[in-house]
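These notes are about the structure you will find just below.
Just so it is clear, none of the values below were taken in a lab; they were calculated from the coordinates. Being a predicted model, the structure only gives us computed values, none of them experimental. Neighbour counts run over all protein chains shown; Cβ positions are idealised from the backbone, glycine included.
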Amino acid sequence: MDYILSIVILACINMIAVLGLSIFTGFTGLFSLGHAAFVAVGAYTSAILTYYYEVPFILALAAGAAAAGAVSLIIGIPTLRAKLRSDYFAIAILGFGEALRVLLENFEITNGARGLPGIESFTTLPIVLVCLTAGVFVARNFLRSRWGAACIAIREDPVAAEMAGVRLFRTRLLSLVVSAVYCGLSGGLLAHFLSFIQPVMFTLLQSTQLLAAVIAGGMGSISGPLIASFVFIALPEALRVAQMWRLVAYGLLLVLIMVYRPQGLMGYSELSTLISRILKRGEAR
Amino acid sequence: MSPRDPLLSVKGLSRDFGGIRAVDSFTFDVREGTITGIIGPNGAGKTTVFNLVTGIYRPSAGSIMFCGEDIGGFRPDRIVRMGIARTFQNIRLFNRRSCLENVLTPLMQREKFSFLGALAGSPGNRNKDRKLRGRALELLSELGLERHASCQAGTLPYGLQRKLEIARALATEPSLLLLDEPAAGMNPEETRSLARLISEVREKFQITILLIEHHMDLVMNICSPVIVMNFGTLLATGTPGEIRENQAVVDAYLGKGKIKNERAAG
Amino acid sequence: MQAGLFLQTLITGLSIGGIYALMAVGYSLVFSVLNFSNFAHGAVIMLGAYAGLALATRLSLGFGLVLAGSIAAAGIIAVLNERLAYSSLRKRKAPSLYLMISAMGCAVFLENLVYATIGSRFYAFPEFFGRQVINLGSSSISLLDVAAFLFALAAILALHLFISRTRTGIAIRAGVSDMTMCSLMGVDLDRLIAIVFLLAGGFAGVAGVFLGIKYLVYPTMGWVTNKAYIAAVIGGLGSLPGALAGGLILGVVETFVSTYVSSVIRDVFSFTLLILFLVLRPNGLLGQDSEEKV
């Protein structure tokens, strides 16, 4: 029972990060190979605050999320300008991931490559569920707002978006910061669940898992990536698949989806619309 | 700016791409309330001029005066806010969004919302949202698209997509509307209908229209003045009648065939 | 003492820079022709290294044959990569986002496949260059470093000649400016793109072998390409001379920082350098301002 509970908590924590990346990649159409770095920032910031400074958990979580958002500006401001293509951001965040790992491995306060053990396990299922629910609620409202509409316009056609009055740079930056905040929150919850964090837990491979969930779940959907994220965490556990084979599968999945079904599972629509369509068809009979 | 000044005044506009001079010391004016046409052979630089006016390209030389400012090199969204809107030769819609959402997006960008209020889904925000949706629906109706409000823009037939693009451009409340080959791919009946629509839009919304076209019947019937471009610069300008008689224009572009002279109302 | 260390650092820097340049050129070649970042490039480099390793250890081949074999293997893998993961996307004019995702998928797939099958053990190439050093005054310069640098230069020069002198090369340059026009003029686009990937793969093979000899061979070695991407940005994205310049500059500057400041700081430094360039000179040293055609 405990085992299943921890899988559920892990899955929910992952879903929060996936939600963040979904806003950036699924709804704004920007490619990122490194959102795990923001998870790391959130994890380490909140862990350091509770471990060394005995900051209350909720505050530490908020600080972690805020730190991740602030850090994203370092990468975002030079690379998301209107005239620069998304490749620049992708390269920069790859570089950032490496730089962050080096920094984490060499500071006293982060305890280096050995990692930070003994973090209080403040994270419980109710807390995670509250965060996830709030996260989905806020994401939905964001995407329906004028900023969300601007993000989606950029995904569809950046030139036309500008002609509709969208400020490219500001909107891309906002999308990045929001996604980073979500990842930071996820990191904080993760650190206080696993009670132990290490720099090697936040690498390219973790970023790949996030991206795989967004793509498989479907770009432009909130429910799709959440479902995919849950499946990606729960299924391998159930099948007891080794980590490296999981990644082989993710890699292959990404290619296959792009080639054969780029919209993934729920691309550009939601579970709720699918269900209502099925119900309507049922009524018509 | 006095009513006598032109709405848009372009002087000596030039733009180079590597070794190629796409637009070469181009000078023209657009007077308020007119439907001005730009014609010319392919590669004459017409769309480049549009791109320069709307801020997609920065001029290599020259000025673009609008509302008393030289807008050359301004960012596109700033120019949109100043009151210039455009449609595109290759139709750039938000394909996976509904028609309503296509028109709603620019409306929302013009409105002040509270960020935190939006995230929380506050009643104030929801009211504004409802109001804007109503306005978007109105705009769609003005162009006869209300039936397709919740259809995905990308699934619409070609002619309706063009109309949707115009509706979206109108949502930015422009004083100058740039239409880039709005009749491209249309048959004569559709072209006539479009000509009517453009005239109606000019009346209803009290705006000035500048359009690029190859369909001569459309241009000659609703545009005045007509500007002729060739090799990136001005070849001639005048009323449709004057242009038709201009030998240089005929040689460069129009050819010797007869042009159908149909009334825009026909 | 000072001069000796300086010279040594410079040579090491040029050698690493040469390898970076090789990687950056392969990446830039694909970028300039197909207009997307092939993030699977690192995986091809890694596979080239393993291929070379197999030839060296299993078949005990000499350096020349190992290099040739690696070039061939990596070239073929690159072409397969294009055919399977990119060509259908390219044909339906998918946005570059999709291509990047597919590339990423290939990289992760290949890397972890090697990890799961061959294992994570670090392998070493046989000592092709021995531990031979050239002694110049007070500095000892490794023969390997000199060889790596010279090979890199030679390969890039050869590419330059190919692109400027042969018909295929000219077709590639034409494709850089306008793919559609190219195919309308009767150029077999598929074949041209295959050649581009063959070339890029070839470069990856050379880079892989030298990386493997200089350091070690392991599944995640492909991510050294992060440096290559940074080098390409510094030199100017899409520019081949830029890739060479960027690679050499990054290699040299990084090595100096590593030697004279702190080796730990190296990766933080290259990231900071990247950000600086993006803020001050996004088109890099030799890149051109390219604007989207509307």
_region C:11-112, relative contact order in percent, only Cα pairs under 8 angstrom and at least six apart counted_ = 33 percent
*Mind listing the phi-derived Karplus ³J(HN,Hα) values for region C:211-223, rounded to whole Hz, using 6.51, -1.76 and 1.60 with θ = phi - 60°, and x for any glycine or proline?*
4, x, 6, 5, 10, 9, 10, 7, x, 9, 5, x, 7
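Just need the Rg to Rh number for region B:60-184, please, alpha carbons only, Kirkwood Rh.
Details: Rg = 16.0 Å, Rh = 15.7 Å.
Over the Cα atoms of region B:60-184, Rg/Rh equals 1.02.
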_Links that overshoot a 25 Å alpha carbon limit, given the list A:K83/B:K131; B:K131/B:K163; A:K83/C:K93; B:K163/C:K91_ = A:K83/B:K131; B:K163/C:K91
*Would you please name the trypsin sites (Lys or Arg not before Pro) within region B:13-118 that are DSSP coil residues with at most 11 other C-beta atoms within 10 Å of their C-beta?*
B:K112
*If you build a Gaussian network model of chain C, linking Cα atoms that sit under 10 Å apart, which residue out of C:G205, C:G62, C:G247 swings the most?*
C:G62
_Can you give the longest run of chain C that contains no trypsin sites (Lys or Arg not before Pro) sitting in a DSSP loop with at most 16 other Cβ atoms inside 10 Å?_
C:132-292
_Vicinal HN-Hα couplings computed from phi for region A:168-178 (Karplus, 6.51 cos²θ - 1.76 cosθ + 1.60; Hz; Gly/Pro x)_ = 4, 4, 4, 5, 4, 4, 4, 4, 5, 4, 4
*Comparing C:G105, C:G242, C:G202, which has the greatest mean-square fluctuation in the GNM of chain C with Cα pairs linked when under 10 Å apart?*
C:G105
*When we measure straight from the Cα of B:K11, which aspartates and glutamates land under 12 angstrom away, once same-chain ones fewer than 8 places off are left out?*
B:D24, B:D29, B:D70
*What spacing in nm lies between the two simple spin-label points modelled at A:L73 and B:E111, each 7 Å away from Cα in the Cβ direction?*
2.9 nm
*What distance in nm separates the simple spin-label points at A:R170 and C:T117, each placed 7 Å from Cα in the Cβ direction?*
5.3 nm
*Please report C:S142, A:S86, B:S114, A:S175 as a ranked list, fewest other C-beta atoms within 10 angstrom at the top and most at the bottom.*
B:S114, C:S142, A:S86, A:S175
*Going by how many other Cβ atoms sit within 10 Å of their own, how do A:R140, A:R114, B:R192, A:R172 line up, fewest first?*
A:R114, A:R140, B:R192, A:R172
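What FRET efficiency would be calculated for the residue pair A:L125, B:Y158, taking the C-beta separation as r and a Förster radius of 41 Å, to the nearest 0.05?
For R0 = 41 Å, the calculated efficiency reads 0.15.
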*Going by how many other Cβ atoms sit within 10 Å of their own, how do C:S102, A:S6, A:S32 line up, fewest first?*
A:S6, A:S32, C:S102
_R0 of 51 Å, Cβ-Cβ distance C:S140-A:A242: FRET efficiency to nearest 0.05_ = 0.70
*Please find the FRET efficiency linking C:A3 to C:V264, where r is the Cβ-Cβ separation and R0 is fixed at 30 Å, and quote it to the nearest 0.05.*
0.70
*asked:* For a quick check: with amide H placed at 1.01 Å from N, whose amide H comes under 5 Å from B:S98's, ignoring anything fewer than 5 positions away on the same chain?
replied: B:A153
*Between B:A61 and A:K83, what is the spin-label point distance in nm, taking each point 7 Å from the Cα along the Cα→C-beta axis?*
2.0 nm
*Show the residues, 5+ positions off or on another chain, whose built amide H is closer than 5 Å to the amide H of B:L235.*
B:V228, B:M229, B:N230
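Residue separation times 0.36 nm, minus the C-alpha to C-alpha distance between A:V159 and A:T273: what's the value?
Contour length minus the Cα-Cα distance gives 38.1 nm.
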_Amide H contacts of B:L211 (H built 1.01 Å from N, under 5 Å, at least 5 apart or other chain)_ = B:T36, B:G37, B:I38, B:L179
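Would you please classify the overall shape of the protein assembly as shown from the alpha carbon gyration tensor, given that a ≥ b ≥ c denote the square roots of the eigenvalues, rounded means a/c under 1.5, and beyond that prolate means a/b larger than b/c while oblate covers the rest?
Numbers: a/c = 2.09, a/b = 1.38, b/c = 1.51.
Verdict is oblate for the protein assembly as shown.
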*asked:* How shielded is B:102-115 by partner chains, expressed as the average number of their Cβ atoms within 10 Å of its Cβ atoms?
replied: 5
*When the Karplus curve 6.51 cos²θ - 1.76 cosθ + 1.60 is applied with θ = phi - 60°, which whole-Hz ³J(HN,Hα) does each residue of region B:89-104 get, with x for Gly and Pro?*
4, 9, 6, 10, 9, 7, 4, 8, 9, 6, 4, 4, 5, 4, 7, 5
*Treat every Asp and Glu Cβ in chain A as -1 and every Lys and Arg Cβ as +1, leave all other atoms uncharged, and give the resulting dipole magnitude about the Cα centre to the nearest 20 debye.*
980 debye
_Selected from C:L244, C:C106, B:V103, residue furthest toward positive end of dipole (the protein assembly as shown; charges at beta carbon)_ = B:V103
_Which residues among region B:100-115 fall inside the zone where the amide N is under 12 Å from a point 7 Å beyond the Cα of B:E190, along Cα→Cβ?_
none
